[in-house]
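Q: Before I ask anything, here is the structure I am working with.
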């Protein structure tokens with residue numbers, strides 16, 4: 001059985017159709033990449049799955065249960081976690097305390113939440129920064145912190161929204177290895193990303209959105225050669241000239 005089933009979800013804001021009739025499934029243990037030009041509807045799709053706002057139409061099922069329109073905290077209790085494009089930790093709290101916020105979600109006591117947080121900081125390579133106030137972190141470390149906080153909730157599915165944005169090539173490679181470790185531990189992943197080296201190197205399948213609609217879906221090597229994808233990213237003239 002599919003872990004996640006997205007069936008014909010749509011969302012409009014005023015007269016703008018942000019997502020139209022989006023349908024896909026996600027198998028346990030899979031990494032699904034979602035790509036598309038700016039404004040394609042990627043984050044809107046994430047927001048509907050994570051419960052930030054309900055779809056105007058369609059249904060979303062997780063482990064066979066209809067979660068359409070549930071609040072984010074209810075979806076989180078079902079072991080779905082997500083990061084955000086712009087990481088906003090609790091700046092005056094320490095790195096450890098930030099991750100404990102996630103740990104409290106499923107742990108039975110403060111001590112258990114602390115143990116979980118310490119383990120997750122070690123997992124993401126931030127154990128040495130546990131006592132630092134979060135506002136002193138670099139942008140990349142804030143993303144690692146947010147990832148650790150998500151992992152402290154013991155998610156079965158993790159939605160990653162541009163966790164590599166702004167990273168150096170070396171930092172991007174380290175994040176790729178971390179995502180592989182997360183998946184190897186049994187967490188299923190959906191990721192939105194603009195860095196093609198990352199999305200192509202990690203994804204089992206890629207879903208391509210353009211103007212809110214799906215224009216391609218399949219293995220990375222197939223999607224990267226699809227004329228509609230090349231046109232959406234590079235323009236008609238580039239594709240026609242044969243420089244794909």
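Q: For region 6-67, what relative contact order do you get, as a whole percent, if you take Cα pairs closer than 8 Å and at least 6 residues apart?
A: Once normalised by length, the contact order is 40 percent.
Q: Please report how far the C-alpha centroid of region 136-179 lies from that of region 59-99, rounded to the nearest whole angstrom.
A: Computed from Cα coordinates, the inter-centre distance equals 14 Å.
Q: Moving on to the next point. Give me the one-decimal nm value for the distance between modelled label points at residue 63 and residue 177, 7 Å along each residue's Cα-to-Cβ direction.
A: My value for the distance between the label points is 3.2 nm.
Q: Shifting gears a bit: From the Cα gyration tensor of region 151-216, with a ≥ b ≥ c the square roots of its eigenvalues, which class applies: rounded if a/c is under 1.5, or else prolate if a/b is larger than b/c, or else oblate?
A: oblate
Q: Going 7 Å from the Cα of residue 106 toward and past its Cβ, which residues in region 24-49 have a backbone nitrogen under 15 Å from where you end up?
A: 29
Q: While we're on this one: Taking Cα extents along the principal axes in Å as the quantity of interest, determine which of (1) 59, 40, 35; (2) 73, 38, 22; (3) 43, 40, 36 was computed from the displayed structure.
A: So the structure-derived entry is (1).
Q: Another question, if that's okay. Taking neighbour counts of Cβ atoms within 10 Å as a proxy for exposure, in what order, fewest first, do 142, 82, 110 appear?
A: Neighbour counts put them in this order, fewest first: 110, 142, 82.
Q: So for the pair residue 168, residue 88, with labels modelled 7 Å out along Cα→Cβ, what separation do we get in nm?
A: Each label point lies 7 Å from its Cα, and together they span 2.9 nm.
Q: Moving to a separate point now. For the Cα atoms of the chain, what angle does the longest principal axis make with the long axis of helix 169-184, in degrees from 0 to 90, nearest 10?
A: 80
Q: Then there is this: Quick check: residue separation of residue 130 and residue 77 times 0.36 nm, minus the Cα distance between them. What number comes out in nm?
A: Full extension of this stretch gives 16.5 nm more.
Q: Under the classification rounded if a/c is under 1.5, otherwise prolate if a/b is larger than b/c and oblate if not, where does region 37-150 fall, given a ≥ b ≥ c as square roots of the Cα gyration tensor eigenvalues?
A: oblate
Q: Okay, next question. Could you line up 3, 86, 22 from fewest to most neighbouring Cβ atoms inside 10 Å?
A: Neighbour counts put them in this order, fewest first: 86, 3, 22.
Q: Suppose a student asked you for the relative contact order of the chain, using Cα pairs under 8 Å spaced at least 6 residues apart; what percent would you report?
A: Reported as a whole number, the value is 25 percent.
Q: Take residue 194 and residue 12, extend 7 Å from each Cα along the Cα→Cβ direction, and tell me the distance between the two endpoints in nm.
A: Distance between label points: 2.8 nm.
Q: For a Förster distance of 35 Å, can you work out the FRET efficiency between the beta-carbons of residue 225 and residue 2, rounded to the nearest 0.05?
A: The computed FRET efficiency comes out at 0.85.
Where a number appears in this text, it was derived from the coordinates with a stated rule and is not lab data. Predicted model only: the values in this text are computed from it and were never measured. Don't worry about glycine lacking a Cβ; one is built from the backbone with ideal geometry, like all the others, and counts go over all protein chains shown.
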